[in-house]
Amino acid sequence: MQLNNEQLAAVMHGDGPMLVLAGPGSGKTAVLVNRLKHLVRDAGVDPYGILVLTFSRAAAGEMRERFEELAHASYPVTFGTFHAIFYHILKSQGLYRRARILTANRKTEYMKVTMAAKGIRRCDLSYVERLTELISLRKMGNPMLERLADEEELESLNLVYDDYNRLVREEGYIDYDDMIADCLKMLGSNEKIRRKWQERYRYILVDEFQDIDLRQYEILKLLAGERANVFCVGDDDQSIYSFRGAEPEVMKRFVGDYGNVEKVMLSVNYRCPLRVVRHAGRLIGHNSDRFSKELRSNGRDQGPCISHKCFFNAADEAAYCAGIIEKMSAQAKDQHSGPSIGVLYRMSKSGDILEEVLKSRGIPYRRKDKRVSFYDREWVKDILAYLRLSLSDRREDMYRILNRPERGLPRDCIGLDTDMRRHMTGYFKDEEYRGRIVRLLSDIDYIKDMTCFGAVNYILRGIGMLDHIRREYFINATENDPDEVITELLDRARTHKSIKDWLKCIDAGAEDKGIATGHDEGEDVGPYAAELRTIHSAKGLEYDNVFMIGLQEGVFPSKKCDGGRQLEEERRLFYVGMTRCRKALFLTGIQKDEYGKRESRFIKEAGICDETMEVTVSL
């Protein structure tokens with residue numbers, strides 16, 4: 001590609017530290033690979049002494065491939081993630097000969113064992129993974145830990161922290177956080193080893209510098225030594241991983257630690273339409289803790305390219321998005337070219353209702369975010385048991401709901417007779433208990449011919465499950481917020497025509513597979529599939545058409561956000577989502593729901609509600 005003046009200035013930088021502030025779509029990878037080519041081909045730097053640090057193996061592989069394609073040759077430049085390089089250094093010095101790296105799956109298993117031993121009742125996968133994240137933050141000494149975790153999480157963390165780490169060591173494993181600590185300790189305390197690696201890596205290039213944490217930064221400084229040939233590329237406006245320990249303040253520390261840092265700003269966005277760039281810039285301008293910058297478009301103005309819609313509920317929102325996606329897929333099929341569609345959300349659950357609609361309409365999609373099935377929640381299982389009983393007498397379902405809510409009925413009343421209902425009504429001679437049985441069976445029959453939404457609503461309010469769920473949550477607090485679960489269940493119910501069809505989908509496991517056609521993830525669902533994923537997982541990606549859904553207060557920004565630094569990170573996340581699009585951006589949310597959530601403040605901050613914008617289907 002033809003480099004602009006800013007990109008060329010970064011590529012041609014000589015020795016010493018440099019900070020390249022690279023906005024979204026500004027060609028940072030092109031700058032990095034051209035910088036490598038300049039060092040090797042023009043400046044005569046020994047490629048064996050060049051280290052390129054990335055945050056994923058995929059990024060490291062892509063960087064190497066693009067560099068070698070540009071240079072038309074293969075060079076012994078070292079490409080690797082921070083963890084891979086640190087592990088290599090430690091292993092080369094004789095450490096970790098027998099130690100094994102702890103995988104994510106084994107980490108989860110060890111955490112489950114420790115939690116069980118400590119009597120922690122809540123053991124859903126999302127909570128287990130949350131505690132492993134908090135253990136990592138504590139090992140890092142992250143100052144945000146107390147603000148990122150709630151009281152329950154901190155209490156659980158204190159219970160499991162020491163025992164979990166002891167179990168890992170006893171089993172002969174190390175995790176990535178131990179690796180960073182050991183590398184920092186070794187390089188900081190042993191001058192001979194430190195000088196050895198400073199001679200090995202004379203030039204260091206860092207990608208996604210805004211995602212670095214303080215300990216990684218300290219190791220980077222130790223490796224760079226007095227030469228300080230550190231070329232860092234990043235954007236503090238795209239720092240969205242504080243839960244992993246990333247701190248955008250490191251970029252400012254870098255400038256302060258090295259008094260002679262040269263700075264270049266890549267301010268031209270080559271990805272997004274002009275209006276998206278303008279509104280995204282207006283949004284991020286509300287953050288105060290950032291390098292001052294202004295992103296410019298490369299001049300393309302495609303006219304209306306932003307659609308902003310508010311809906312009464314999540315079911316209406318999902319139906320709207322699915323309708324547009326369906327048109328895009330159909331048009332692309334006619335033209336024999338796959339549409340590039342990304343559906344992005346702050347929280348995984350925001351994609352669940354849309355997934356159901358896509359599935360019910362047979363619209364192809366892939367879902368990339370890992371999540372626990374909504375239908376595995378205990379309260380949801382209770383309500384589904386009522387629905388199943390309205391269609392057929394399943395003894396296991398009757399056992400489940402007999403005393404949910406509490407009726408004081410013994411399990412023996414269900415019996416083993418073929419005619420379960422006749423046995424139940426004839427079991428009691430006492431009129432009061434017989435009346436309870438009759439009322440239960442009448443309620444079950446009553447919902448049979450209702451809509452899915454009407455049936456769930458009656459189970460919750462008419463039968464009394466809503467009060468039962470809230471009371472159980474107050475006593476045990478072992479489930480998710482009941483109001484959120486209930487709202488989502490009602491929204492899911494709205495998307496189905498009949499109880500029978502809904503249960504058929506659930507029993508087939510289709511609604512939570514993540515692939516609309518029923519294939520496992522990784523299998524081909526054709527070239528016309530939309531891609532559903534969290535904004536965190538979409539970092540570094542781009543699509544022609546981007547849908548950002550679930551844009552309401554309490555969801556985006558998250559209800560856990562207490563303002564200040566957390567709010568600024570939420571705003572950065574919204575900014576990242578907006579700048580994934582190449583052609584059109586669809587923003588949707590709920591104006592106000594039953595529990596008080598209203599449209600996200602970020603819509604107004606971006607200036608989007610100040611004008612009416614609409615966009616036609618864009619391929």
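Residues of region 331-355 that are at pLDDT 75 or above and farther than 19 Å from Phe586 by Cα: none at all.
To keep it simple, each residue is scored yes or no on (1) part of a loop (DSSP other than H, G, I, E, B); (2) more than 23 Å from Lys500 (Cα to Cα); (3) among the aromatic types (Phe, Trp, Tyr).
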| position | (1), (2), (3) |
| --- | --- |
| Leu384 | no, no, no |
| Leu389 | no, no, no |
| Gly408 | yes, yes, no |
| Asp417 | yes, yes, no |
| Arg422 | no, yes, no |
| Gly435 | no, yes, no |
| Ile444 | no, no, no |
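For region 356-378, the set of residues classified as open to solvent by less than 20 Å² (accessible area, probe 1.4 Å) and modelled with pLDDT of 85 or more consists of Glu356, Val357, Leu358, Ile363, Tyr365, Arg367, listed by residue number.
Of the residues that sit in region 93-108 and are free of Cβ contacts under 8 Å to residues at least 40 places away in the same chain and open to solvent by 60 Å² or more (accessible area, probe 1.4 Å), which one is nearest to Met186 (Cα to Cα)? Once the filter is applied, the top-ranked residue is Arg97. Arg580 falls short of the stated requirement of being open to solvent by 10 Å² or more (accessible area, probe 1.4 Å) and in contact with an Asp or Glu (Cβ under 9 Å, 6 or more places away or on another chain). In this structure, Ile204 qualifies as outside any helix (DSSP H, G or I) and either of a type in the set (Ser, Thr, Tyr) or farther than 23 Å from Arg572 by Cα (or both).
The residue pairs whose first member lies in region 261-276 and is closer than 19 Å to Ser292 by Cα, whose second member is open to solvent by 60 Å² or more (accessible area, probe 1.4 Å), and whose beta carbons are closer than 8 Å, counting only pairs six or more residues apart or on different chains, are Ser267/Glu294; Ser267/Arg296; Val268/Arg296; Val268/Asn298; Asn269/Arg296; Asn269/Asn298. Taken over region 180-199, the criterion of being open to solvent by less than 10 Å² (accessible area, probe 1.4 Å) and β-branched (Val, Ile, Thr) is satisfied by Ile180 alone.
Quick grid of which residues meet (1) in contact with a helix residue (DSSP H, G or I) (Cβ under 9 Å, 6 or more places away or on another chain); (2) modelled with pLDDT under 90:
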{"position": "Thr29", "(1), (2)": "yes, no"}
{"position": "Val33", "(1), (2)": "yes, no"}
{"position": "Val40", "(1), (2)": "yes, no"}
{"position": "Ala43", "(1), (2)": "no, no"}
{"position": "Tyr48", "(1), (2)": "yes, no"}
{"position": "Phe55", "(1), (2)": "yes, yes"}
{"position": "Phe67", "(1), (2)": "yes, no"}
{"position": "Ala71", "(1), (2)": "yes, yes"}
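Looking at this structure, is Asp257 open to solvent by 20 Å² or more (accessible area, probe 1.4 Å), among the acidic types (Asp, Glu) and either closer than 30 Å to Glu484 by Cα or touching a residue at least 60 places away in the same chain (Cβ under 8 Å) (or both)? No: the conditions fail for Asp257.
Given the conditions (1) within 20 Å of Glu542 (Cβ to Cβ); (2) open to solvent by 40 Å² or more (accessible area, probe 1.4 Å); (3) of a type outside the set (A, V, I, L, M, F, W, C), report the number of the one that Thr54 does not fulfil. It is condition (2) that Thr54 fails.
Whenever a residue of region 423-450 is of a type in the set (S, T, N, Q), its partners that are open to solvent by less than 50 Å² (accessible area, probe 1.4 Å), lying with C-beta atoms within less than 8 angstrom and at least six residues away or across chains, give the pairs Thr425/Ile437; Thr425/Leu441.
Filter region 556-575 down to residues that are closer than 26 Å to Ile324 by Cα and either over 14 Å from the mean Cα position of the chain (by Cα) or open to solvent by 10 Å² or more (accessible area, probe 1.4 Å) (or both), then give me how many there are.
Number of matching residues: 1.
Let's see how each residue does on (1) open to solvent by 20 Å² or more (accessible area, probe 1.4 Å); (2) of a type in the set (Phe, Trp, Tyr); (3) farther than 23 Å from Met186 by Cβ; (4) in a helix (DSSP H, G or I):
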| residue | (1), (2), (3), (4) |
| --- | --- |
| Gln210 | no, no, yes, yes |
| Gln216 | no, no, no, yes |
| Ile219 | no, no, no, yes |
| Leu223 | no, no, no, yes |
| Ala228 | no, no, no, no |
| Phe231 | no, yes, yes, no |
| Asp237 | no, no, yes, yes |
| Ile240 | no, no, yes, no |
| Val250 | no, no, no, yes |
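Taking region 169-196 as the range and being under 27 Å from Lys118 (Cα atoms) and out of contact with any Lys or Arg (no Cβ under 8 Å at 6 or more places or on another chain) as the test, the residues that pass are Arg169, Glu170, Glu171, Tyr176, Met179. Taken over region 503-535, residues that are modelled with pLDDT under 90 and in a helix (DSSP H, G or I) amount to 5. Number of residues in region 1-23 that are over 14 Å from Val230 (Cα atoms) and acidic (Asp, Glu) equals 1.
May I ask you to verify whether Arg202 is surrounded by fewer than 22 Cβ atoms within 10 Å (Cβ to Cβ) and over 17 Å from Val20 (Cα atoms)? Yes.
Among the residues of region 546-554, none qualifies, meaning not one is at pLDDT below 85, open to solvent by less than 20 Å² (accessible area, probe 1.4 Å) and under 26 Å from the mean Cα position of the chain (by Cα). Considering the conditions (1) touching a strand residue (DSSP E or B) at 6+ places or on another chain (Cβ under 8 Å); (2) on the phi > 0 side of the Ramachandran plot; (3) of a type outside the set (A, V, I, L, M), Asp236 is excluded by exactly one of them, (2).
One residue alone among Ile383, Ile444 is of a type in the set (A, V, I, L, M, F, W, C), modelled with pLDDT of 90 or more, open to solvent by less than 40 Å² (accessible area, probe 1.4 Å) and more than 30 Å from Tyr127 (Cα to Cα), and that residue is Ile444.
Show me the helices (runs of 4 or more DSSP H) found entirely inside region 4-92 where at least 2 residues are over 27 Å from Arg253 (Cα atoms) and without any contact (Cβ under 8 Å) to a residue 40 or more places away in the chain. Reasoning before the result, please.
Numbers: elements: 5-11, 28-37, 57-71, 82-92.
Counting at least 2 such residues, we get 57-71, 82-92.
When Ile353 is tested against the conditions (1) under 25 Å from the mean Cα position of the chain (by Cα); (2) among the β-branched types (Val, Ile, Thr); (3) open to solvent by 60 Å² or more (accessible area, probe 1.4 Å), the lone failure is (3). Across region 15-31, the number of residues qualifying as open to solvent by 20 Å² or more (accessible area, probe 1.4 Å) and under 13 Å from Leu205 (Cα atoms) comes to 3. I'm trying to understand the selection: among the residues of region 187-216, which are within 25 Å of the chain's Cα centre (by Cα) and more than 25 Å from His38 (Cα to Cα)? Of everything in region 187-216, those that are within 25 Å of the chain's Cα centre (by Cα) and more than 25 Å from His38 (Cα to Cα) turn out to be Asp211, Ile212, Asp213, Leu214, Arg215, Gln216.
The values are calculated or read from the model by the stated rules, or taken from the named source; none is laboratory data. Given the structure is predicted, the values throughout are model-derived calculations rather than measurements. Using ideal geometry, Cβ is built from the backbone for each residue, glycine included, and neighbour counts are taken over all protein chains shown. For accessibility, only protein heavy atoms count, side chains too; no ligands or nucleic acids. Shrake-Rupley method; radii C 1.70, N 1.55, O 1.52, S 1.80 Å.
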